[in-house]
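The values are calculated or read from the model by the stated rules, or taken from the named source; none is laboratory data. Note that the coordinates shown come from a computational prediction; the quantities given were computed from them, not determined experimentally. Note that we place each Cβ from the backbone using ideal geometry, even for glycine, and neighbour counts take in every protein chain shown. Accessible surface areas use protein heavy atoms only, side chains included; no ligands, DNA or RNA. Shrake-Rupley method; radii C 1.70, N 1.55, O 1.52, S 1.80 Å.
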Amino acid sequence: MAYDTDLADRVRELLGPRFDEKRMFGGLAFLIGGHMAVAVSGQGGLMVRVRKEDTQNLLGRPHVSPMIMAGREIRGWLRVAPDGVKTKRQLQSWVERGVHYAGSLSPK
């Protein structure tokens, strides 16, 4: 499944030109300082980078599930279903969370 180009455009609108884009994992990742902040998933919805310590707490939110790769949970990453990013407010909240964390890391 290809990533949702409309969702990618909505993310671009929120981020502006200061972010790099890279096709990864069947989706489109948005990077700051070489670190992925968020990605429009090829499986639908959004992947969001968060502090590992926040992962468990955020999993209690609606439409949020763990990021699973190669059969194991990747702490520090969440998958937000399309229903969780329908509105601008919902999307902005997740994008800001990913950007805040990725922006706190030393550039690669």
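Considered as an equivalent ellipsoid built on the Cα gyration tensor, the chain has semi-axes of 18, 17, 14 Å, the largest given first.
For the chain, with all protein chains in place and a probe radius of 1.4 Å, 49% of the accessible heavy-atom surface sits on carbon or sulfur.
Each residue was assigned an accessible area with a 1.4 Å probe, and for His63 the value is about 90 Å².
Taking every protein chain into account, the accessible area of the chain amounts to 59 square angstrom per residue (probe 1.4 Å). Taking the Cα centre of segment 42-108 as origin and assigning +1 to Lys and Arg Cβ atoms and -1 to Asp and Glu Cβ atoms, the resulting dipole is close to 100 debye. Largest accessible area first, the listed residues Met69, Met47 line up as Met69, Met47 when surface is computed with a 1.4 Å probe on the assembled protein chains. When the chain is treated as a Gaussian network with alpha carbon springs shorter than 10 Å, the biggest mean-square fluctuation among Leu46, Leu59, Leu31 belongs to Leu59.
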